[in-house]
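Chemist: Dropping the structure in here first, questions after.
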Amino acid sequence: MTSTQTPAPATTSRRTKGGAPRPGSTGGIADVARRWGHRLADRRFLPVAGTLLTLVLILVIGQARYSTDTRSFVNMRLFSNLLVDNSYLLVLAVGMTFVILTGGIDLSVGAVVALVGLVVAKLLILGVPLPLVLLAGVLVGTVFGLLIGVLVQYFSIQPFIASLAAMFLARGLCNVVSVESLAIEDKGFTDLASWRLKFGHGPSIWYINLSMIVALVVVLVAVYLLHYTRFGRTVYGLGAGDGGQAVGLMGLRAARTKVWVYVISGTCAGIAGILFAFYTRSGFNLTGIGMELDAIASVVIGGAMLTGGSGFVLGSVAGVLVYGLIQVLIAREGLDSWWTKVFIGAVLLLFVLLQRALSTGQKRRRKKNKEESPAPPPAAAPAVS
Amino acid sequence: MTGTVATDPTPSPADRARRTFSRLAGHTLFWPVVALVVLLLACGVVSPGFLDVTVQDGHLFGQVVDILRQSATPLLLAIGMCLVIATGGIDLSVGAVMAISLAVSLTYIAESGSGTTVGTALTGLALGLVVALVIGAFNGFLVTVLGIQPFIATLILMIAGRGIAMLITKGQITTVTSPPFKAIGSGYVLGIPMPVVIAAGVFALVVLLVRGTALGMLLESIGINREASRLAGVKSRNITWFVYALCGLLAGLAGIVYGAPTMAADANNVGLMKELDAIMVVVLGGTKLEGGKFSLAGCVVGALILSTLERAVVIFHLPTQVTPLFKALILIIVCIAGSDRLRSRAGAARRARRTPAVPVEVAA
Amino acid sequence: ACSSGGSSGSDDTKGSGGDTIKVGFSQLGAESGWRTANTDSVKAAFTKDKGFDLTFVDAQQKQENQIKAIRDFIDQGVDAIAFSPVVETGWDQVLQEAKDAEIPVVLVDRTVKTSVSDPYATYIGNDFEKEGETAVAWIKKNAADAKIFELQGTLGSSAQVDREKPVDSELGSQIVGKASGNFTRAEGKAATEAALQAYPNMTMIVSHNDDMALGAIEAIEAAGKKPGTDIKIVSFDGVRDGLQALHDKKINYIVECNPVYGDQIADLVKKVVNGEDVAKSTIVPDEAFDQTITQETIDARKY
Amino acid sequence: MSTTSTTASEPVVRMTGITIEFPGVKALDGVDLTLRPGEVHALMGENGAGKSTLIKALTGVYRIDAGTIAVAGTARRFDGPADAQEAGVSTVYQEVNLAPNLSVAENIMLGHEVRLGPFVNWPATRRAARTHLARLGLDLDPMSMLGTHSIAIQQLCAIARAMVVDAKVLILDEPTSSLDKAEVAQLFDVMRQLRADGVAILFVSHFLDQVYEITDRLTVLRNGRLVGEYLTAELPRLELVSKMVGRASEDLADIEKAARRTTTHDLTGREPVLRALGLGRDGTVEPFDLDLYEGEIVGVAGLLGSGRTEVARLLYGADRADSGTLTVRGAGVRAASPLGSLQRGVALASEDRKKEGIIGDLTVRENIALAMQAERGAWRKVPAKELDATVARYIEALAIHPANPDALIKNLSGGNQQKVLLARWLATAPQLLLLDEPTRGIDVGAKAEIQRLVAELASEGMSVVFISSELEEVLRLSHRVVVMRDRQKIGELTNGPDVTASTVLETIAASGSAS
Ligand SMILES: Nc1ncnc2c1ncn2[C@@H]1O[C@H](COP(=O)(O)OP(=O)(O)OP(=O)(O)O)[C@@H](O)[C@H]1O
Ligand SMILES: Nc1ncnc2c1ncn2[C@@H]1O[C@H](COP(=O)(O)OP(=O)(O)OP(=O)(O)O)[C@@H](O)[C@H]1O
Ligand SMILES: [Mg+2]
Ligand SMILES: [Mg+2]
């Protein structure tokens, strides 16, 4: 296996991929513009775009169908209600996003929400000071998250099962705490729950309340964690497949990150549990059944892949809003129980189809990009060894 | 004991099927079986006579027999689920499908008015199964043709399916009187409860189907590496589709077996949360959710564990409240005991993790 | 055996206000035959030609959905809101909002615990606890020394909680065991099978609804015992199948829980909207049947 | 060639008596390895010799069952790559191990990203990534997703990542397996520079030329055992090879000769096995014509990323063609699909072993059976006897190690996995075999065997398409050479004594200047 060694000058092997020009090459603005063009048309962003599209679509439909001459369907009230009613789901979805990004799943959140509600109610009834109670509530979630994380990472139990076990555990504990719904009369708590800023007046009155603010903060923190920390990028890396081996070999703390992801989701469930308690001012062992599916559905509607690695917190936020709006439409339609279920299913189906359509369309576009990308200069040396 | 009775009802025609199959069962089933035996014995100790099987007016009777009967439904679900999971998918809609098929059958029988005739009962049965098959095929269509992620694809019918079932029964609990139909759920063959016979039969057939042919291997290859399988000429689309359809069919059968004894189509509650039970059963049986290798024998053990467990709660005079705790406990124990990490210390695919660095003297 | 308090349906079916009354009704779900029967009767009562414009929302047994629905009613500015709470607690906020918006609220089927002052205009429904007491009374009279196994409904559902209360308090000593059958036949059957083994000494089953009782019958018969004689059965609801079993002497006593009172709700709503004053609570009369029940009564059942 | 051999300086890594057992295999058995600062040290051995395992033992991916590891004189056992990196041991593993769903910048910089308070400073991080890529003469958009680049690019990114930390020890496990020559040269420049800075570099490659060009010292493994440590300059090629393979150098020479063939082939008036007319797929390959004849080996030469893989995939039907027609033995083919192709007697051994080849959790037997079975359909199972016979035959013929049909293929070394895959395709008795980089990451012995095998198959009448980045290899084997450039077929050379590497290059260059 002899060969002709002709050391080629470095410059000959310059190749540009991904359709980006060299830095400082001429026509800067145009180039920057094109680069951003490429990025926005990036496969990753499209589902989110799809979600936003649907959001608008639903609003238009609603506006057309339900606006009476006295008041229009789309108004501040609608949105404030939407957020008031879904703040807990929002927080759940955010937590779920972390997990799903790593290709995992957390089925326990619904049950945890119920448990937290009961624990909070119980403790308040026992007269434990409010701050402690709130803390305890959140910690309940954290502990469950930790449990799942440890099972997943250190006993290599699949997330689905680990969280399923956690779900059973939480439900069981709920029943142990109380099978009757516990009302929360604690002054401080109810004050927190009913604290809100009024805007406007009459029928068009709308509010901002604590839950909204908490949810918003959670979202912001999540965005920071996912997009501006090493941890966040590792989370994405874990979703790249092969069980996060790649990130492990890259020397990133794969194991630790994986556990953290579930701790985060659990903690979010804890917070959501408290928001839900704000919302209903009671704890009840039958609440939150299927809530995990709502959260997952929202995240998926938000454009995340359950296989992990792609998705955005903000997408999930949009997903929650879409999900909430669907509920509103159903309410306005006054559907039967069964039609309600069928309708939700149908909408979900339509939505996923839309996403498919978008992403396939995108693939075609990507090929074009590849074509555009500059080819290796002729003088490049061949592969010889 | 019962474990073996059900673990291996294959009328060993194909020796190969058997060999592969016992190899698969191998040690992955060790812990589940242990758990099962322990549970049964514990019950036996707590409540004397628990393990007795008597013959009562011509058929077997006893707690163990009940447990076997109770296991039929989860087993039927789990078998289908197991194959779906092998392809790297999942089917959340089985619970809803149970409700639908039962609703269809009973509504037909109710409408037909001649519920007492065998013909009607069988037609009802057939109708229910066909509908279930169609639904399964629909799931398969979403997953294979449209390429929707299984979790979501089947989530759709998990939600909508119950609605459909209620549409069929108009939200009422349709009840009929049809002895032949009832027999499907509460009849006996040679003294053995019908559901047990059905489940065993289906199990044997499916084992033959996947291990007697190459289907099993192809399923696994698809589950492990779909693209590579495609390039190797495996018709992954058709096979996957087929499996979802089969899963739907079995879910339908499960629904009918489940609802037949009471002959009441309670669209809202039949099969509620049963998809989770089914998945739990599959996993208890040592099949990994990420797809690939699967063990049908495991499903049998898993199903038995599940129904024994639900029974044990009452036998131990525990309040029903703690049933979920129980499930969680068993699930965690079995999974941890069976987890590769613990089994093969020399396991190769070990990710980096904290271990006290052993200081070693070295002459530099 | 059930006392009936408050008003019963009056004759004027036309809204005295003349124009139609916009009503939002939030049903808690469709979890049982009883519930759907209740829903049907409500829908039948709030029709256009009876002068109503009904928005009906099914809450799928989720409180959050119900709260959303009620908020939405307020947002739509309906004339009156009626709803059957999923659970007793946690309504303060929406009730307050309804109050702020000056929309009268009619509670159906269950009351609520709330700190809001004067939270709702009126309440109409069955009294599960009273039903429980009725059953207890019968048991004390007819089977004073029964060893009772209690077949519970879905844990936490008010039917389970309230029906259980009097049984526990009055007959606590006689209860040998409990297990939940989640209001379904199949699980009722499974639970009973196990119970027969676990509590061989039981002589009576108190089932929180008919479906589970029917399941229990299956199990008892399978065990070669005679339901109704070897093991007595007391049950609630009084759906047709249940009454049939009662007639066939397989069940000993059924306390009815009558779902068909849509007209009375409509009637109340109309009164409330027109500002007439109504009793704070209306208990729908629940009958109770023993094995003397006639086939006619059974065939008369709509549910 | 190798410069200052630094014997004096004291070892930065010393591994002694390293032993690692995997279920079934003893991957390493008392192996020693010593790395000194400022040297490039080659780790040589056949496929499955234990090179990658030794590396993973050092960086703590695998726990060692026996032996000691000392880094800079102090005993260490790393908990994993992260730990190793902190201690200044930075590694590029054999399989490209990066996250395809992250951007190039992230893949290179994560772990060392530029921070701004609690935030990652992305602009700065990207700039840094750019500079690191530039060292390897690469200019990518740091924001583009890694997955959208070819394997070669990804491998370069992995190398760039390894060089971000100023490591005391740099480990490169077959970094050049899919690089073209210029890129290799570029890499070597960097390595020399690092060596001058006193970094110890461990270098694994199956390309002897590269080894002799860059390394000062080498350690040879065979079947998990240490053969010895030698100064590269003092060890003749054939010596080295025979030490690796454990065979006398003479018969190796024979193998090489046996494979060498440039006989021209008379094709007049013969009907082609396969004929492609204007076959193309927008975005990947421009329409091209191609005839393949019985008993003929057609090489495909071209730069990396020139579209060779895509050509093979189109011929096989792995991708749908947008234009053109495909005819196999006279019969027109519409909508070619893998299964269809197999049934028509066409098989493709794909270039990406991990993603498109092996079924990791299945056994060697099942992996070999797969294509056969797929061809027969799910219902007609290949009879056990027939299968066992076939499997045994190929394990023997291709010297697959370990020779255990029930071993999980994921536990075989890269090279042996490749052999199993070859067996899979040969088992379908194809008339046309498309081989995309069949010898990538394969040791000399195996490589020669595969080359001979290909030659044999052809002489038995099989038609073979041979894609390889090793021009020499292509020229040695094929009767005709199709030249690709920039995803276009730009020429076809009938092989002969006069055709050399430079001829091919000229063709490429010419068409380049023409276009
Ligand atoms: N995770 C594993 N489990 C079991 N056996 C393994 C594992 N990894 C490697 N082996 C075995 O260890 C031996 C050495 O493998 P290794 O990958 O180190 O070879 P190599 O020298 O890198 O070969 P190549 O040049 O093909 O990469 C092989 O026999 C392989 O089958
Ligand atoms: N998954 C992919 N995404 C984007 N571009 C790709 C992908 N795979 C290949 N390409 C591009 O398509 C062109 C052809 O790639 P291909 O792999 O066929 O090259 P090749 O000639 O086979 O080289 P090699 O096989 O040595 O990598 C190259 O420009 C490559 O960068
Ligand atoms: Mg290697
Ligand atoms: Mg290629």
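Chemist: Can you tell me which residues in the range B:112-157 are without any contact (Cβ under 8 Å) to a residue 60 or more places away in the chain, over 24 Å from the mean Cα position of the chain (by Cα) and within 14 Å of another protein chain (Cβ to nearest Cβ)?
Modeler: B:Leu146, B:Gly147
Chemist: Out of all the residues in the range D:391-419, which are in contact with a Leu (Cβ under 7 Å, 6 or more places away or on another chain), within 14 Å of ligand 1 (Cβ to nearest atom) and part of a helix (DSSP H, G or I)?
Modeler: Across the range D:391-419, the qualifying residues are D:Ile409, D:Lys419.
Chemist: Report yes if D:Ser90 is without any contact (Cβ under 8 Å) to a residue 60 or more places away in the chain, of a type in the set (S, T, N, Q), more than 11 Å from chain B (Cβ to nearest Cβ) and crowded, with 19+ Cβ neighbours inside 10 Å, otherwise no. Before the answer, list the steps.
Modeler: Values: without any contact (Cβ under 8 Å) to a residue 60 or more places away in the chain: no; of a type in the set (S, T, N, Q): yes; more than 11 Å from chain B (Cβ to nearest Cβ): yes; crowded, with 19+ Cβ neighbours inside 10 Å: yes.
No, not satisfied.
Chemist: Looking only at the range C:27-58, count every residue that is small (Gly, Ala, Ser) and at the interface with another protein chain (Cβ under 9 Å from one of its Cβ atoms) and tell me the total.
Modeler: Kept after step one, since they are small (Gly, Ala, Ser), are these residues of the range C:27-58: C:29-30, C:32-33, C:37, C:41, C:44-45, C:51.
Next, only the ones that are at the interface with another protein chain (Cβ under 9 Å from one of its Cβ atoms) stay: C:29-30, C:32-33, C:37.
The qualifying residues number 5.
Chemist: Which residue is farthest from the other protein chains (Cβ to nearest Cβ), if the candidates are limited to the range D:449-485 and must be within 16 Å of ligand 4 (Cβ to nearest atom) and in a helix (DSSP H, G or I)?
Modeler: Only one residue tops the list, namely D:Val474.
Chemist: Looking at (1) within 20 Å of C:Asp127 (Cα to Cα); (2) at pLDDT 85 or above, can you tell me which one C:Gln291 breaks?
Modeler: Result: C:Gln291 fails condition (1) only.
Chemist: Only one of (1) away from ligand 1 (no atom under 12 Å from the Cβ); (2) surrounded by 19 or more Cβ atoms within 10 Å (Cβ to Cβ); (3) modelled with pLDDT of 90 or more is not met by D:Gly60, so which one is it?
Modeler: Evaluating D:Gly60 over (1) away from ligand 1 (no atom under 12 Å from the Cβ); (2) surrounded by 19 or more Cβ atoms within 10 Å (Cβ to Cβ); (3) modelled with pLDDT of 90 or more leaves (3) as the failure.
Chemist: Would you mind stating whether D:Leu471 is in contact with a Leu (Cβ under 6 Å, 6 or more places away or on another chain), crowded, with 22+ Cβ neighbours inside 10 Å, of a type in the set (A, V, I, L, M, F, W, C) and more than 16 Å from D:Glu396 (Cα to Cα)?
Modeler: no
Chemist: To continue, here is another question. Which pairs turn up if I take residues in the range B:158-169 that are within 7 Å of another protein chain (Cβ to nearest Cβ) and look for partners that are crowded, with 24+ Cβ neighbours inside 10 Å and among the basic types (Lys, Arg) with beta carbon separation below 9 Å, at least 6 apart in sequence or on another chain?
Modeler: B:Ile159/A:Lys341; B:Ala160/A:Lys341; B:Arg162/A:Lys341; B:Gly163/A:Lys341; B:Ile164/A:Lys341; B:Met166/A:Lys341
Chemist: Scan B:Gly124, B:Gly136, B:Gly140 and give me the residue that is part of a helix (DSSP H, G or I), more than 30 Å from B:Ile239 (Cβ to Cβ), touching a Phe, Trp or Tyr at 6+ places or on another chain (Cβ under 6 Å) and at pLDDT 90 or above.
Modeler: Values: B:Gly136 fails: more than 30 Å from B:Ile239 (Cβ to Cβ); B:Gly140 fails: more than 30 Å from B:Ile239 (Cβ to Cβ).
That would be B:Gly124, the only listed residue that is part of a helix (DSSP H, G or I), more than 30 Å from B:Ile239 (Cβ to Cβ), touching a Phe, Trp or Tyr at 6+ places or on another chain (Cβ under 6 Å) and at pLDDT 90 or above.
Chemist: Please work out which residue is farthest from C:Pro85 (Cα to Cα), limiting yourself to the range C:133-162 and to residues that are small (Gly, Ala, Ser) and in contact with a Phe, Trp or Tyr (Cβ under 8 Å, 6 or more places away or on another chain). I'd like the intermediate steps shown before the answer.
Modeler: Taking the range C:133-162 first, the residues small (Gly, Ala, Ser) are C:135, C:137, C:143-144, C:146, C:153, C:156-159.
Going one step further and asking which of them are in contact with a Phe, Trp or Tyr (Cβ under 8 Å, 6 or more places away or on another chain), we end up with C:135, C:153, C:156-159.
Numbers: C:Ala135: 25, C:Gly153: 17, C:Gly156: 13, C:Ser157: 11, C:Ser158: 10, C:Ala159: 12 Å.
Per the stated criteria, the residue is C:Ala135.
Chemist: Just give me the residues in the range D:7-32 being away from chain B (no Cβ under 14 Å) and either within 16 Å of ligand 2 (Cβ to nearest atom) or within 26 Å of the chain's Cα centre (by Cα) (or both), in sequence order.
Modeler: Kept after step one, since they are away from chain B (no Cβ under 14 Å), are these residues of the range D:7-32: D:7-8, D:29-31.
Across the range D:7-32, the qualifying residues are D:Asp29, D:Val31.
Chemist: Scan the range C:211-249 for residues that are crowded, with 20+ Cβ neighbours inside 10 Å and at positive phi and jot them down.
Modeler: Taking the range C:211-249 first, the residues crowded, with 20+ Cβ neighbours inside 10 Å are C:211-220, C:222, C:227, C:231-239, C:241-246.
Across the range C:211-249, the qualifying residues are C:Asp237, C:Gly238.
Chemist: Pull out all pairs, ordered by first then second residue, where Cβ-Cβ is under 9 Å, the residues are six or more apart or on different chains, the first lies in the range D:391-419 and is within 12 Å of chain B (Cβ to nearest Cβ), and the second is within 16 Å of ligand 2 (Cβ to nearest atom) and modelled with pLDDT under 85.
Modeler: Here the result reads D:Gln417/D:Arg353; D:Gln417/D:Lys354, each pair linking the range D:391-419 to a residue that is within 16 Å of ligand 2 (Cβ to nearest atom) and modelled with pLDDT under 85.
Chemist: Sticking with this structure for a sec: Among the residues of the range D:165-184 satisfying the criterion of being within 28 Å of D:Leu505 (Cα to Cα) and in contact with a Gly (Cβ under 9 Å, 6 or more places away or on another chain), which is farthest from the other protein chains (Cβ to nearest Cβ)?
Modeler: First pass over the range D:165-184, keeping only residues within 28 Å of D:Leu505 (Cα to Cα): D:174-184.
From the residues that got through so far, the ones that are in contact with a Gly (Cβ under 9 Å, 6 or more places away or on another chain) too are D:174, D:177-178, D:180, D:182-183.
Details: D:Glu174: 12, D:Ser177: 10, D:Ser178: 9, D:Asp180: 4, D:Ala182: 3, D:Glu183: 5 Å.
Within the range D:165-184, the match that is farthest from the other protein chains (Cβ to nearest Cβ) is D:Glu174.
Chemist: Answer with yes or no whether D:Gly283 is surrounded by fewer than 23 Cβ atoms within 10 Å (Cβ to Cβ) and over 30 Å from B:Lys293 (Cβ atoms). Lay out the reasoning, then the answer.
Modeler: Numbers: surrounded by fewer than 23 Cβ atoms within 10 Å (Cβ to Cβ): yes; over 30 Å from B:Lys293 (Cβ atoms): yes.
Yes, satisfied.
Chemist: Taking D:Ala160 as meeting all but one of (1) more than 16 Å from ligand 3 (Cβ to nearest atom); (2) more than 21 Å from D:Thr59 (Cα to Cα); (3) in contact with a helix residue (DSSP H, G or I) (Cβ under 8 Å, 6 or more places away or on another chain), write down the number of the exception.
Modeler: (2)
Chemist: Sticking with this structure for a sec: Could you list, in sequence order, all residues of the range C:59-83 that are assigned to a loop (DSSP other than H, G, I, E, B) and more than 10 Å from chain A (Cβ to nearest Cβ)?
Modeler: Within the range C:59-83, C:Val78, C:Asp79 meet the criteria.
Listed here are the residues, each with its yes/no results for (1) at pLDDT below 85; (2) in contact with a helix residue (DSSP H, G or I) (Cβ under 9 Å, 6 or more places away or on another chain); (3) more than 16 Å from ligand 2 (Cβ to nearest atom); (4) farther than 23 Å from D:Val382 by Cα.
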{"residue": "D:Leu412", "(1), (2), (3), (4)": "no, yes, yes, yes"}
{"residue": "D:Leu422", "(1), (2), (3), (4)": "no, yes, yes, no"}
{"residue": "D:Asp443", "(1), (2), (3), (4)": "yes, yes, yes, yes"}
{"residue": "D:Ala448", "(1), (2), (3), (4)": "yes, yes, yes, yes"}
{"residue": "D:Glu456", "(1), (2), (3), (4)": "no, no, yes, yes"}
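Chemist: Ok, one more. Check whether at least one residue in the range D:157-173 is assigned to a helix (DSSP H, G or I), in contact with a Ser or Thr (Cβ under 7 Å, 6 or more places away or on another chain) and crowded, with 24+ Cβ neighbours inside 10 Å, and report yes or no.
Modeler: Here is the first cut: in the range D:157-173, the ones assigned to a helix (DSSP H, G or I) are D:157-162.
So of that shortlist, the ones also in contact with a Ser or Thr (Cβ under 7 Å, 6 or more places away or on another chain) come out as D:162.
Add one more test, that the residue is crowded, with 24+ Cβ neighbours inside 10 Å, and what stays is none.
The answer is no, given that none of the residues of the range D:157-173 is assigned to a helix (DSSP H, G or I), in contact with a Ser or Thr (Cβ under 7 Å, 6 or more places away or on another chain) and crowded, with 24+ Cβ neighbours inside 10 Å.
Chemist: Sticking with this structure for a sec: Among strands (runs of 3 or more DSSP E) lying entirely in the range D:37-105, which contain 1 or more residues that are away from ligand 2 (no atom under 16 Å from the Cβ) and polar (S, T, N, Q)? Before the answer, list the steps.
Modeler: Details: elements: D:40-44, D:66-71, D:89-92.
Ranges flagged: D:66-71, D:89-92.
Chemist: For residues in the range D:20-32 being of a type outside the set (Val, Ile, Thr) and crowded, with 23+ Cβ neighbours inside 10 Å, which is farthest from ligand 3 (Cβ to nearest atom)? Can you show your working first?
Modeler: Taking the range D:20-32 and keeping what is of a type outside the set (Val, Ile, Thr), we get D:21-24, D:26-30, D:32.
Checking the rest, the ones that are also crowded, with 23+ Cβ neighbours inside 10 Å come to D:27-28.
Working: D:Ala27: 11, D:Leu28: 12 Å.
Filtering the range D:20-32 for residues that are of a type outside the set (Val, Ile, Thr) and crowded, with 23+ Cβ neighbours inside 10 Å, the one farthest from ligand 3 (Cβ to nearest atom) comes out as D:Leu28.
Chemist: Quick check, is A:Val217 closer than 22 Å to A:Gly110 by Cα, surrounded by fewer than 17 Cβ atoms within 10 Å (Cβ to Cβ) and away from chain C (no Cβ under 14 Å)?
Modeler: On the way: closer than 22 Å to A:Gly110 by Cα: yes; surrounded by fewer than 17 Cβ atoms within 10 Å (Cβ to Cβ): yes; away from chain C (no Cβ under 14 Å): yes.
Criteria met by A:Val217.
The values are calculated or read from the model by the stated rules, or taken from the named source; none is laboratory data. This structure is a prediction, so every number in the text was calculated from the model and none was measured. Every residue, glycine among them, receives a Cβ derived from its backbone with ideal geometry; neighbour counts consider all protein chains shown.
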